[in-house]
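For reference, the structure is listed below as structure tokens.
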Amino acid sequence: MFDDFPDLLARVERRARDLLATGPCCHDWDHTCRVRLLAQEIQRQEGGDLQVIELATVLHDIGRPQEILDQGQTCHAQLGAVLADKILLEEGVADSALRRQIAECVRTHRFRNRQGDTPASLEAKIVYDADKLDSMGAIGLARSFHFAGRVGARVHNLPAEALNSPSYSKEDTAWREFLVKQSHLAERLLTATGRRLATDRLQYMWEFFSRLNQECGYPAFECGDAQTNEHGDARAQSRAE
Ligand SMILES: [Fe+2]
Ligand SMILES: [Fe+2]
């Protein structure tokens, strides 16, 4: 399908790594490598074109540094798709259909229920699921605490404090991110393998927060309570992903 795929992949990796070097550690090259491993794991069960998936995972967040630079005016998935197409062309992928397939995986990895943003191909669904899985489990927790530290948030807080506060505030804790977003991710994944892996990671996160609440002397919190905040309002807004 691709001429000399290992060499092409190595060249694309170098370019993606350079582009991601200026990004924050939550979405750095390490994240890209983990997403790639997860995508390989899902592909072994679900099938799909592994070469397309590998190139798409390597390129999926290359628009992120620009999005951070202009404080969210750029959508990193949209920009990433344009950059991915350009890089692939420059690296000798002459087949426009193949480039489009990979660019679509990049464009739709940030699925937010907008029309036309839904991952359509199996490869795009796998890239989407792999990216979301890296926000879950032990690594998801580690990334959340890292992010909370960067924005100056508290280490932990009560559900009412977390759910009634805006994102990027002092109350934008890892617990808040879990309640608002991560605890709902498993049901939004698009492949059976992705959902299975997500369910396992979600269970670990509940166990972790249950223990954390206990150690902090906070009341126990049940899974179903994560649907609404203390006033029964709609979910608080999650931060941009
Ligand atoms: Fe992304
Ligand atoms: Fe990502």
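Each value in this text was obtained by applying a stated rule to the coordinates, not by laboratory testing. Just so we're clear, the structure is a prediction, and the values are computed from it rather than from any experiment. Don't worry about glycine lacking a Cβ; one is built from the backbone with ideal geometry, like all the others, and counts go over all protein chains shown.
Mean-square fluctuations from a GNM of the chain, with a 10 angstrom spring cutoff on Cα atoms, peak among Arg196, Arg99, Arg34 at Arg196. Converting phi to 3J(HN,Hα) with the Karplus coefficients 6.51, -1.76 and 1.60 and the offset θ = phi - 60°, segment 99-105 yields 4, 5, 4, 5, 4, 5, 4 Hz in sequence order, with x at every glycine or proline. Exposure proxy shown here: for Met205, Met136, Met1, the number of other Cβ atoms within 10 Å sets the order, fewest to most, as Met1, Met205, Met136. The helix-based estimate of mean residue ellipticity at 222 nm for the chain, built from -39,500 (n - 2.57) per DSSP H run of four or more residues and divided by its residue count, is -17500 deg cm²/dmol to the nearest 500. The residues packed around Ile126, meaning those with a beta-carbon under 12 Å from its beta-carbon, carry a net charge of -3 if Lys and Arg are +1 and Asp and Glu are -1.
Cross-link partners for Lys125 among the lysines, with Cα-Cα distance under 23 Å and sequence neighbours closer than 8 places in the same chain left out: Lys86, Lys181. Since only Ile126, Ala142, Gln214 are under comparison, the one whose Cα sits farthest along the positive direction of the charge dipole of the chain, derived from C-beta charges on Lys, Arg, Asp and Glu, is Gln214. Cβ crowding within 10 Å ranks Ser210, Ser144 as Ser210, Ser144, fewest other Cβ atoms first. Tilt of helix 50-59 relative to the longest C-alpha principal axis of the chain, in degrees (0 to 90, nearest 10)? Here the helix axis deviates by roughly 60 degrees.
Can you tell me which of 146-155, 168-177 comes out highest on packing, and rank the rest after it, using the mean Cβ neighbours within 10 Å?
Details: 146-155: 15.4, 168-177: 22.2.
So the order, starting with the most tightly packed, is 168-177, 146-155.
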